[in-house]
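The values are calculated or read from the model by the stated rules, or taken from the named source; none is laboratory data. Everything numeric in this text was worked out from a predicted model, so none of it was measured. A quick note on method: Cβ atoms are made from the backbone with ideal geometry, for glycine too, and the neighbour counts reach across all protein chains shown.
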Amino acid sequence: MNDIQIDPRGPRFGAFFQLAFSIAALLAGANAGGIAIMAVLLVLFIPGAIIGPQATFQSWVFKKAVRPRLDPPKETESFRAPRFAQQMGLTFSILAVGSGLLSWDLGFFVFTGFVTFASFLNSVFDLCLGCEIYLLFKRATTRTAV
């Protein structure tokens, strides 16, 4: 599989979508409204978790509406770390929705809070927690030639 290169500003833009949805879910609460909002976010994570962030709705909006107004990226990055971050977002969204459906309010707020915190760090400070965890894992599991 080719190592697809992406504009690193795209996933950061996508994190604003995720932040907006997760804050809305927290404000709505662990009820049908909050669960529905997190379910929509869960669906938005699916293409990014399977294919990569370049396949998400947020990426499409970035490519069509935002990127044409920007200078070309100074550098690109592999899709692999952001895809792992999308997988983590999907996992926490599934846990939030599942918790809500099981009437475990604390779980709903904790897992939605994780998504909110990670999305906030990425969208505001350009710090992708999932990407950092991916890189730590790769460093720990990659052998170096001697």
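Hey, among the residues in the stretch 80-138 that are among the aliphatic types (A, V, I, L, M) and not in a helix (DSSP H, G or I), which one's farthest from Gly29 (Cα to Cα)? Per the criteria, the residue is Leu127. Any chance the stretch 44-55 includes a residue that's hydrophobic (A, V, I, L, M, F, W, C), out of contact with any Gly (no Cβ under 9 Å at 6 or more places or on another chain) and assigned to a helix (DSSP H, G or I)? Yes, the stretch 44-55 has at least one match.
When the test is whether a residue is under 19 Å from Val124 (Cα atoms) and not charged (D, E, K, R), Ile23 passes it. In the stretch 15-40, the residues that are of a type in the set (D, E, K, R) and crowded, with 21+ Cβ neighbours inside 10 Å never reach a residue that is in a helix (DSSP H, G or I) and modelled with pLDDT under 95 with C-beta atoms less than 9 angstrom apart, at least six apart or across chains. Test Leu90 against the criterion of being farther than 24 Å from Asp3 by Cα and either touching a strand residue (DSSP E or B) at 6+ places or on another chain (Cβ under 8 Å) or of a type in the set (A, V, I, L, M) (or both), and give yes or no. For Leu90, the condition - farther than 24 Å from Asp3 by Cα and either touching a strand residue (DSSP E or B) at 6+ places or on another chain (Cβ under 8 Å) or of a type in the set (A, V, I, L, M) (or both) - is not met. Tallying residues that are surrounded by 14 or more Cβ atoms within 10 Å (Cβ to Cβ) and assigned to a loop (DSSP other than H, G, I, E, B) within the stretch 58-75 yields 1.
Looking at Ser78, is it buried (at least 17 other Cβ atoms within 10 Å of the Cβ), touching a residue at least 24 places away in the same chain (Cβ under 8 Å) and among the polar types (S, T, N, Q)? It is false that Ser78 is buried (at least 17 other Cβ atoms within 10 Å of the Cβ), touching a residue at least 24 places away in the same chain (Cβ under 8 Å) and among the polar types (S, T, N, Q).
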